[in-house]
1. Suppose we filter B:Lys142, B:Lys131, B:Lys135 for residues that are modelled with pLDDT under 85, within 14 Å of chain A (Cβ to nearest Cβ) and open to solvent by 10 Å² or more (accessible area, probe 1.4 Å); which single one remains?
2. Regarding B:Gly36, is this residue more than 9 Å from chain A (Cβ to nearest Cβ), in a loop (DSSP other than H, G, I, E, B), touching a residue at least 40 places away in the same chain (Cβ under 8 Å) and touching a Gly at 6+ places or on another chain (Cβ under 6 Å)?
3. Could you tell me which numbered condition B:Gly43 fails, if it satisfies all but one of (1) open to solvent by 10 Å² or more (accessible area, probe 1.4 Å); (2) out of contact with any Pro (no Cβ under 6 Å at 6 or more places or on another chain)?
4. Residue pairs, Cβ under 7 Å, 6 or more apart or interchain, first in segment B:47-65 and more than 11 Å from every other protein chain (Cβ to nearest Cβ), second open to solvent by 10 Å² or more (accessible area, probe 1.4 Å) and of a type in the set (Lys, Arg). List them.
5. Of the residues B:Asp240, B:Asp275, B:Asp255, which is among the acidic types (Asp, Glu), open to solvent by 50 Å² or more (accessible area, probe 1.4 Å) and under 22 Å from B:Leu304 (Cα atoms)?
6. How about segment B:49-149: which helices (runs of 4 or more DSSP H) wholly inside it have at least 3 residues that are closer than 28 Å to B:Tyr195 by Cβ and among the hydrophobic types (A, V, I, L, M, F, W, C)?
7. Looking at segment A:174-188, I want the residues that are crowded, with 21+ Cβ neighbours inside 10 Å and small (Gly, Ala, Ser) and have a partner that is in a helix (DSSP H, G or I) and modelled with pLDDT under 85 with Cβ atoms under 7 Å, at least 6 apart or on another chain. Which pairs are those?
8. Hey, can you tell me all the residues within segment B:13-33 that are closer than 22 Å to B:Asp156 by Cα and either among the aliphatic types (A, V, I, L, M) or within 14 Å of chain A (Cβ to nearest Cβ) (or both)?
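The values are calculated or read from the model by the stated rules, or taken from the named source; none is laboratory data. For clarity, every value in this text was computed on a predicted model and none was experimentally measured. FYI the Cβ positions are ideal-geometry reconstructions off the backbone, even for glycines, and counts take in every protein chain you see. All accessible areas refer to the heavy atoms of the entire protein, side chains included, with ligands and DNA or RNA removed. Shrake-Rupley method; radii C 1.70, N 1.55, O 1.52, S 1.80 Å.
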Amino acid sequence: MARLREFYRQPEAIFWVYFFPILLVVALGVAFRNKPVERFTVDVQLAPRSSEIVAALGADSRVQVQAYDLAACQQRLRTGKSDLYVVPGADLHSVEYVLDPTRPGSVVAKNLADQRIQEAAGRIDPVQVTIQQYNEPGSRYIDFLVPGLLGMGLMGGGLWGVGFAVVDMRIRKLLKRFLATPMKKSHFLMGAMASRLVFMVPEIILLVVFSWLFFDVRVYGSWFALFILVLLGAVEFSGIGLLVASRARTLESVSGLMNLVMLPMWTLSGVFFSYDRFPEVVQPVIRLLPLTPLIDALRKVMLEGATLGMLGPELLIMSAWTAVCFGLALKIFRWTD
Amino acid sequence: MNKDSLAIDCKQLFKTYPGKPPVEAVRGVDLQVHSGECFGVLGPNGAGKTTTIEILEGLLPPTSGSVRVLDMDWSTQEVDIRQHIGVSLQETKLSDRLTVAETTALFRSFYRDGLAPEEALELVALTDKSKAWIKTLSGGQKQRLAVALAIVGDPDLLFLDEPTTGLDPSSRRQLWDIIRSFRQRNKTVMITTHYMEEAERLCDRVAIFDQGQVIALGTPRELIASLGAEHVVEFTLPADLPAQERQSLNESLNDLPALEQVEVAGDSVHVTAADSHSALRQLFGLLEQRQVDISSLTTRHASLEDVFVHLTGRYLSDDLAG
């Protein structure tokens, strides 16, 4: 087994294996980041009472306020430099807002400006409101996403890594050459899987550490449980990769088969969103797919602090897939071309 | 191992590949290879050489027929046979980014007993390349490595499938030396080739294959002697020779007493003779008399190539070109 691992020790183009998941985390993390407090630009038309209004609005840190003459106000609104402008009335008790109601920013800015101006004019709200911001690590989208990406990385790494390597060796007649030696076939297949683990474990560690450093994604459960899950996931998917590659004669056919296997799981198994959104009837099926128990278990360990003992069903399904795929692959494996 | 025992014994070997129409690659081959012998399987591409050797190597199941290797049966003693044979396939692309030493050590690990990897590399003169990546090796070095991988398990029987195809003459000679030194350890070698010269120099006995059958079997000397004439004269007739004259010239050539066999293929004429001197004298006499100018005249000793031409009426090289 160790000797076959040596065989695989090739500095292949690992770039994508390692960096693609990280790029994905960065892209999605940035897209769904918690936005800073929004700011609005409100102009006030120059008028005898404009300075009072500017002062009222300027009291709110979210409002950027400035006074301009009418033409400038119109120009700035039209080109999107301001969200709305305020035309002061003859006294403090009348005011006009000019805005485009189809622009969301304008409507929010109007509500904000109105609030400030009404308060400045002496309005007292009957209900006292305080707002608590809810932004705990562990409950954000990125926290949900990272276990999903780990699962996806394990799936892709296992399938592509093992599947391609095996079919490539079949094309090069290397499998046939091995067949001509007294090598044990099961040793070879185990070696193919083991060599994959060597690549995948660092990949996963990299992803976990990266998302911890840059997105503060924490592991609430034990690192040991996480490690065992990653290992089992890697073994499971390299077994599936072996089965997918056990008959294919060309790289085209093996990549087609792999997409066939992976595409349903990308969408169904809850990588990017919870599979609770699918109809009730298909959920038992989804839960039996190879990827679903892995991602579920990863989320339970990372987000809910579950221990291995609490993950019995997930571990069972994954082990069953591993055993079935490896056994079947050993049986139907095509050594010659 | 008993000197008289058979390293390979196969009877009535048939292999038909299913298809439309089915391809009968091997049609009733009987071969007995003695222990300690170097046995050559010769023939053009598509003659069934590789199919036969792969059946003997246990890589292909025969459609019918019996095979015994080292007095063992593939169906019951596969692992034992594999421990005792070494194989070099026609084309195997090893992993480019492993070193020569790593690859040899890997293959050594498959066998219970065998040579030290360094020893195998020394036998094929690759010691100084042992740290090199496989992709940096030349064609000849790769073939030598393939032989090293085949002998690293110290086999009793070595199968080499076209080990020198595509190599330059000096690499080829180097590989012959390696095979000869392997044989000195009292081992059996079975080698396929389409180079007649290689078989003549290397092999104790040769089987010539054509269209899935053995058409001749014996030592190279016996096979050449079977022509009854050890000299070959070849020349080319002028292209503008009228058909009628050509016909009568052919007949007269066949009548010359010193000429054993006359083969005409287009403009080129292939003649065998026991005595080249009198053959040439008679030939020139006839050509003088007919006033025919010939070109590219050559004379040489007969080779296995001539045996093949004699048996099939075709040149090996025609098949190679196709």
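1. Answer to the selection: B:Lys135.
2. So B:Gly36 does not fit the description; no.
3. Condition (1) is where B:Gly43 drops out.
4. What qualifies is B:Thr51/B:Lys15; B:Ile55/B:Lys15; B:Pro62/B:Lys15; B:Thr63/B:Lys15; B:Gly65/B:Lys11.
5. B:Asp275
6. Passing ranges, in order: B:49-56, B:117-123.
7. If the second residue must be in a helix (DSSP H, G or I) and modelled with pLDDT under 85, no pairs are left.
8. B:Leu31, B:Val33
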